[in-house]
Amino acid sequence: MFKVAYFPGCSLSSTAKEYDVATRLVCEDLEIDLVEIPEWICCGATTAHITSELTASALPAKSLIWAEKHNMTITSPCSACFSRLKMAHINMEKDAELKKEVEEVTGEKYNGKAEVLHLTRVMLEKYGIEKIKEKLKKQLKGLKIASYYGCLMTRPPEVSENDRVENPMIMDNLARALGAEPVKWAYKTECCGAAFSLTKTEIVRKLTGEILKDAKACGADLVMVACPLCHSNLDARQPEISKLLKTNFNLPVLYFTQVMGLAMGYDYMDLMLNKHFIDPKPLLKAKGII
Amino acid sequence: MKYELQLKNIKEGFRKDVERLSKQKISNCYQCGKCSAGCPVAYAMEYPPSMAMRMIQLGMHDRLMSANTSWFCVSCETCTTRCPREIDIAKVMDTLKIMAQAGKYKVSDNEVPIFDWIFLKSIELTGKIYEIGMIGAYNMLSLNPFKDVFPMGVKMILKGKISFIPHLIYNPLEMIKNIMMFRKIRKKDRERIYEKNV
């Protein structure tokens, strides 16, 4: 059993409750001990870094400092939180003056030793894909999964530490390990417009519409994501985008831990699959998974 | 529009300010256009990213800062990833927004700054995001009170995806510390941005 500092992020306690629930279930099975950082504060998400550089570093710094003190790898299931945490770590490493200011405003010292990893990497690299395979109860045969990575878990490469920035494979490898068929498609790292979800919604509709169109054209049964912002655009806005483009995508969007949970034998309600706007039940029934 | 390129026309101060605050060397840009080609929102921008880089080099702050360019940047980091001159273009866009919001230039967008202000206030006061309060406040202040309420908002509430109760930091000491931190940050930011004037 290994311990990881867990930074759930704001979305996971509201709009993406099901992601949190599925993640905790799966991690318990995998014997990964998620230690939630006590009194964590929001990472600043899409707004802090466009308002003040110091805010953007000081907000994640509190969690980084806690993880460093307790000598744990810090992880977040949310791509935006992960990116902000890692970005703050990198910026403080590069800029001693910024680090000094952050230490002044937070009143704590940071030695720059925290290791920040996205949850996908904790599971698939630190824990290992072979060990995950041992825990599976069934194979997701015949399910065509389009893995959608989006922006913040892939870019910039110094944050994601991914050598294949334009064509990441980590979630596709997971899909294959679960017995499903990963779909080759062109839009896996395109932007869904997350930061503009509430402000410039017409941009979100256009960008997300293109992603959904490509996933559908490449024959995907469902889209697998690892970010609550991507999810809310692809899932909750899908009905209005379908209407706008005069089609019916009917493409369920699931978090990767929910898909893992299905292969580990959890059922529909355990994984809170009922929370999605596009109900995956008919698809999963047709494939004989639930 | 004609812009006469003469050495005496180039306002170096603007470029230097952007370079100081973003820590990026804008003069490295050689106009290959890769950033504009990959930018998912370039179609909506008055000047695409590569043009913005050139305008900073030439000190055209009046035209660039009154355009929508930086406000339409969605921070997807595609430009930063692909730039052959290793300029963090997304960070430059952030810097332009920071400079405008600090009162140095006109804020040429009426959606994003309101949203940011509400978002950061929510973090300052509760430590976390209070979604329903934030969306409500944003809709009111942007004079569009029923945006996304029907059917998406209603469905979200029915599915229990949005809660009416804010998630707070429970320790009052931490809460005060959080508010104090924001105060200190604001003071430091003012010092940093107004170090030199254009």
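Residues that are in a helix (DSSP H, G or I), of a type outside the set (Phe, Trp, Tyr), away from chain B (no Cβ under 14 Å) and out of contact with any Pro (no Cβ under 9 Å at 6 or more places or on another chain) occur at least once in the range A:217-238. When residue B:62 is tested against (1) farther than 27 Å from residue A:98 by Cα; (2) within 14 Å of chain A (Cβ to nearest Cβ); (3) free of Cβ contacts under 8 Å to residues at least 24 places away in the same chain, only condition (2) is not met.
Inside the range A:175-202, residues that are among the aromatic types (Phe, Trp, Tyr) and within 14 Å of chain B (Cβ to nearest Cβ) make up a count of 2.
Remark: pairs (first residue in the range A:263-290, away from chain B (no Cβ under 14 Å); second residue assigned to a loop (DSSP other than H, G, I, E, B) and hydroxyl-bearing (Ser, Thr, Tyr); Cβ separation under 6 Å; 6+ apart in sequence or on different chains) = A:290/A:268.
Can you name the residue in the range A:15-24 that is of a type outside the set (A, V, I, L, M) and over 12 Å from residue A:229 (Cα atoms) and, of all such residues, is surrounded by the most Cβ atoms within 10 Å (Cβ to Cβ)? Here the residue is A:23. Of the residues making up the range A:9-27, those that are over 16 Å from residue B:166 (Cα atoms) and either at pLDDT below 95 or assigned to a strand (DSSP E or B) (or both) number 0. Here the condition is being among the basic types (Lys, Arg) and modelled with pLDDT of 95 or more; of B:34, B:128, B:121, it holds for B:34 alone. The residues of the range B:39-56 that are crowded, with 19+ Cβ neighbours inside 10 Å and either part of a helix (DSSP H, G or I) or more than 14 Å from every other protein chain (Cβ to nearest Cβ) (or both), listed by number, are B:42, B:47, B:48, B:49, B:50, B:51, B:52, B:53, B:55, B:56.
Go over the candidates A:147, A:83, A:79 one by one and state the one that is under 21 Å from the mean Cα position of the chain (by Cα), at the interface with chain B (Cβ under 9 Å from one of its Cβ atoms) and crowded, with 23+ Cβ neighbours inside 10 Å. Walk me through it before giving the result.
Numbers: A:147 fails: at the interface with chain B (Cβ under 9 Å from one of its Cβ atoms); A:79 fails: at the interface with chain B (Cβ under 9 Å from one of its Cβ atoms).
Every option except A:83 fails the conditions.
Considering the conditions (1) at the interface with another protein chain (Cβ under 8 Å from one of its Cβ atoms); (2) closer than 28 Å to residue A:274 by Cβ; (3) at pLDDT 90 or above, residue B:181 is excluded by exactly one of them, (2).
For residue A:277, the requirement of being assigned by TED's automatic domain parsing to the domain that holds residue A:202, at pLDDT 95 or above, aromatic (Phe, Trp, Tyr) and farther than 17 Å from residue A:147 by Cα is met. When you check residue B:110 against the structure, is it out of contact with any helix residue (DSSP H, G or I) (no Cβ under 6 Å at 6 or more places or on another chain) and more than 9 Å from chain A (Cβ to nearest Cβ), yes or no? Yes; evaluated as a whole, the condition is true for this residue.
For the range A:54-77, a tally of residues being more than 14 Å from residue A:43 (Cα to Cα) and among the charged types (D, E, K, R) returns 2. Of all the residues in the range A:104-149, those that are closer than 21 Å to residue A:289 by Cβ, among the aromatic types (Phe, Trp, Tyr) and either in contact with a Gly (Cβ under 6 Å, 6 or more places away or on another chain) or not in a loop (DSSP other than H, G, I, E, B) (or both) number 0. Note on the range A:1-12: among residues that are on the phi < 0 side of the Ramachandran plot and under 14 Å from the mean Cα position of the chain (by Cα), the one that is farthest from the other protein chains (Cβ to nearest Cβ) is A:6. If only one of A:142, A:112, A:179 is at pLDDT 95 or above and either among the β-branched types (Val, Ile, Thr) or out of contact with any Phe, Trp or Tyr (no Cβ under 7 Å at 6 or more places or on another chain) (or both), which one is it? Criteria check complete, one pass: A:179.
Kindly indicate whether residue A:205 is part of a helix (DSSP H, G or I) and in contact (Cβ under 8 Å) with a residue 12 or more places away in the chain.
Yes: the conditions hold for residue A:205.
Check the range B:156-174 and report whether any residue there is under 22 Å from residue A:235 (Cα atoms), in a helix (DSSP H, G or I) and at the interface with chain A (Cβ under 10 Å from one of its Cβ atoms). Yes: the range B:156-174 contains one or more residues that are under 22 Å from residue A:235 (Cα atoms), in a helix (DSSP H, G or I) and at the interface with chain A (Cβ under 10 Å from one of its Cβ atoms). Here residue A:38 fits the description: within 12 Å of chain B (Cβ to nearest Cβ), of a type outside the set (Ser, Thr, Tyr), under 20 Å from residue B:174 (Cα atoms) and assigned to a loop (DSSP other than H, G, I, E, B).
Does the range A:243-261 contain any residue that is closer than 19 Å to residue A:216 by Cα, within 14 Å of chain B (Cβ to nearest Cβ) and in a helix (DSSP H, G or I)?
Scanning the range A:243-261 turns up at least one residue that is closer than 19 Å to residue A:216 by Cα, within 14 Å of chain B (Cβ to nearest Cβ) and in a helix (DSSP H, G or I).
The values are calculated or read from the model by the stated rules, or taken from the named source; none is laboratory data. None of the values given here were measured: they were computed from a predicted structure. Neighbour counts run over all protein chains shown; Cβ positions are idealised from the backbone, glycine included.
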